[in-house]
Amino acid sequence: MEDRDRTIRRSLIYSVTDGSFHAAMLGFGESFFAAFAVFLGANNIHLALLGSLPALFGSVSQLFTHRFIRIMKSRKALVSGAALAQALMHIPVILVFFFGNLSTEILILFVCIYYVFGMILGPAWNSWMGDLVDENRRGAYFGRRSKITGFATCAATFTAGYILHSYSGARTYEYTGFFFIFLIAMLFRIVSFSFLRKQYEPLYEAAPKAEFSLFEFIREARFRNYGRFVLYLCFMNFSVHLSAPFIVPYLLKDLKFDYMTFTMIMTSALVVKFLAMPVWGKASDQFGTKKVLTLSGFLMPLVPLLWVFSGNVYYLIAIQLYSGFIWAGFEISSFNFVFDTTSPRKRATGVAYYNVLNGVCVFAGAVAGGLIVRSNELFWSKYFLVFIASAVLRYAASVVFIPKLKEVRAVEDIDLPRLFFKIVSTMPTIGPVYNLIPFVRKQDRKD
């Protein structure tokens, strides 16, 4: 038993390392797919498809995850094999520049395949990690892991932006910058793959077939806690992706920022996110995933609305700092809620079905956003209407669904204002200021 515990601890360290290199891949590669599309001449419909179609195909691929686990008889084999294939997909992405007038459409195709490899491993990885991480420390572990991987993403994104900025100029010269960052992304994912191979996989016996069909899952969703949670995230992600694909063209086309300014704005959210993840994770362990999901779910919808008030760089960075802080709570609580509300045996299937439905909603939201952008004449920027609509629909999703969710673990009770102040007080960069407030310090002593 002691040897097994030591093996698991080592595997959890390897998982952090794997996650860090995977995050660096995202920072160098995936974070700049939309910028690459803009460089190739993509229009708003192209950007909507790029922001949604890959996720849709990737989500649908997860319907076959359970079958691949049974064929390969190992979650580890599926996860590591798909990770390596995803790494190699950066090669055709790099080469789309040479396809002339069809380069944007072919980029979307290759990114779709990239996402299939990246997402088909998702349910297997969730099931695998669910067996490795103690349920009472999931928030703390994934919070720390997310802090480290968030730093890796931030550093990689900033470095990639600097490279692109350094290669600004003639079209061929600018393409060289994209060539280098995508090549580096591929190398980082290959290193990630090597650490996946080092991790221990507990004994896992895949069921002969899925325990329940997708149709049964949809039919029963509103009657089950996990099902209602899935419906909430699907509606929320529809609302988010109504505007999400258009942040990049808004910054690069409407505001005409260079790559360095663009990168500074985008990475500012990542900085706060990796600092906030452990704080939100510990709060999730102590006060429950639903409480954290509720708080972040009602603060996060404000983000897209804030984009319409100013194009000042410092104002946009401030928005991103707020966004990163709140999204850290929403992501960690959503991630942990999956583990809390699914059994190990059904987790891979349940996650796969969620991702399929979510992929459909992401696709529908992005396409709807693209159509709105194409016909919008109300504001000086075509993107403002989707920012406003996204905020309204995000609030609606939280108002309708969050009260229907239930906490499944025994946790400490706390009201939302005190939870917010407790989280802020433990933030590395905010806590010292917060602790100067006499009233709040008095409230904390009563806990």
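The values are calculated or read from the model by the stated rules, or taken from the named source; none is laboratory data. Keep in mind that what you see is a predicted model, and the values were worked out from it rather than measured. Glycine gets a Cβ as well: all are built from the backbone with ideal geometry, and neighbour counts include every protein chain shown.
Here is a yes/no grid of residues against (1) surrounded by fewer than 24 Cβ atoms within 10 Å (Cβ to Cβ); (2) part of a helix (DSSP H, G or I):
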site	(1), (2)
252	yes, yes
256	yes, no
264	yes, yes
273	no, yes
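Here is the figure for the stretch 384-411: residues that are farther than 16 Å from residue 299 by Cβ and out of contact with any Lys or Arg (no Cβ under 9 Å at 6 or more places or on another chain) total 10. Here residue 168 clears all of (1) in a helix (DSSP H, G or I); (2) more than 24 Å from residue 349 (Cα to Cα); (3) of a type in the set (Ser, Thr, Tyr) except the condition numbered (1).
Take the residues in the stretch 132-141 that are touching a helix residue (DSSP H, G or I) at 6+ places or on another chain (Cβ under 6 Å) and surrounded by fewer than 24 Cβ atoms within 10 Å (Cβ to Cβ), then tell me which one is farthest from residue 281 (Cα to Cα).
Out of the qualifying residues, it is 132.
Which pairs have Cβ atoms under 8 Å, sit 6 or more apart or on different chains, and link a residue in the stretch 249-261 that is acidic (Asp, Glu) to one that is assigned to a loop (DSSP other than H, G, I, E, B) and at pLDDT 90 or above? The qualifying pairs are 254/311; 254/383. Quick check: anything in the stretch 60-73 touching a Ser or Thr at 6+ places or on another chain (Cβ under 9 Å) and either of a type in the set (S, T, N, Q) or modelled with pLDDT of 90 or more (or both)? Checked the stretch 60-73: at least one residue is touching a Ser or Thr at 6+ places or on another chain (Cβ under 9 Å) and either of a type in the set (S, T, N, Q) or modelled with pLDDT of 90 or more (or both). Among residues of the stretch 281-323 being in a loop (DSSP other than H, G, I, E, B) and not aromatic (Phe, Trp, Tyr), the one that is nearest to residue 386 (Cα to Cα) is 308.
For the stretch 157-176, filtered to residues that are of a type in the set (Phe, Trp, Tyr) and under 17 Å from residue 188 (Cβ atoms), the residue that is surrounded by the fewest Cβ atoms within 10 Å (Cβ to Cβ) is 162. Within the stretch 336-362, the set of residues being in a helix (DSSP H, G or I) and farther than 21 Å from residue 54 by Cα comprises 336, 337, 338, 339, 340, 341, 344, 345, 346, 347. Residues that are closer than 19 Å to residue 150 by Cα and among the basic types (Lys, Arg) within the stretch 269-315 comprise 273, 282, listed in sequence order. Listed by first and then second residue, the pairs with beta-carbon distance under 9 Å, at least 6 apart or on different chains, first residue in the stretch 132-153 and free of Cβ contacts under 8 Å to residues at least 24 places away in the same chain, second part of a helix (DSSP H, G or I) and of a type in the set (Ser, Thr, Tyr), are 134/141. Confirm whether residue 45 is within 19 Å of residue 146 (Cα to Cα) and either over 20 Å from the mean Cα position of the chain (by Cα) or surrounded by fewer than 23 Cβ atoms within 10 Å (Cβ to Cβ) (or both). Here the answer is no, as residue 45 does not meet what is asked. Being under 23 Å from residue 188 (Cβ atoms), crowded, with 19+ Cβ neighbours inside 10 Å and touching an Asp or Glu at 6+ places or on another chain (Cβ under 8 Å) is a property that residue 110 lacks.
Taken over the stretch 267-318, the criterion of being basic (Lys, Arg) and farther than 27 Å from residue 27 by Cβ is satisfied by 290, 291. Of all residues in the stretch 134-185, exactly one satisfies the criterion of being within 17 Å of residue 248 (Cβ to Cβ) and at pLDDT below 85, namely 168. Evaluated against (1) at pLDDT 95 or above; (2) under 21 Å from residue 248 (Cα atoms); (3) of a type in the set (Val, Ile, Thr), residue 399 falls short on exactly one condition, (2).
The conditions of being on the phi < 0 side of the Ramachandran plot, at pLDDT 85 or above and within 19 Å of the chain's Cα centre (by Cα) are met by residue 363.
Condition (residue is outside any helix (DSSP H, G or I) and closer than 30 Å to residue 202 by Cβ) applied to the stretch 98-118: is it met by at least one residue? No, there is no match, as no residue in the stretch 98-118 is outside any helix (DSSP H, G or I) and closer than 30 Å to residue 202 by Cβ. Would it be correct to say that residue 27 is at pLDDT below 85, crowded, with 22+ Cβ neighbours inside 10 Å and small (Gly, Ala, Ser)? No: the conditions fail for residue 27. Just so you know, in the stretch 283-322 the residues that are surrounded by fewer than 21 Cβ atoms within 10 Å (Cβ to Cβ) and among the polar types (S, T, N, Q) include one that is farthest from residue 381 (Cα to Cα), and it is 286. Per the conditions (1) more than 29 Å from residue 177 (Cα to Cα); (2) touching a residue at least 12 places away in the same chain (Cβ under 8 Å), the sole criterion not satisfied by residue 316 is (1).
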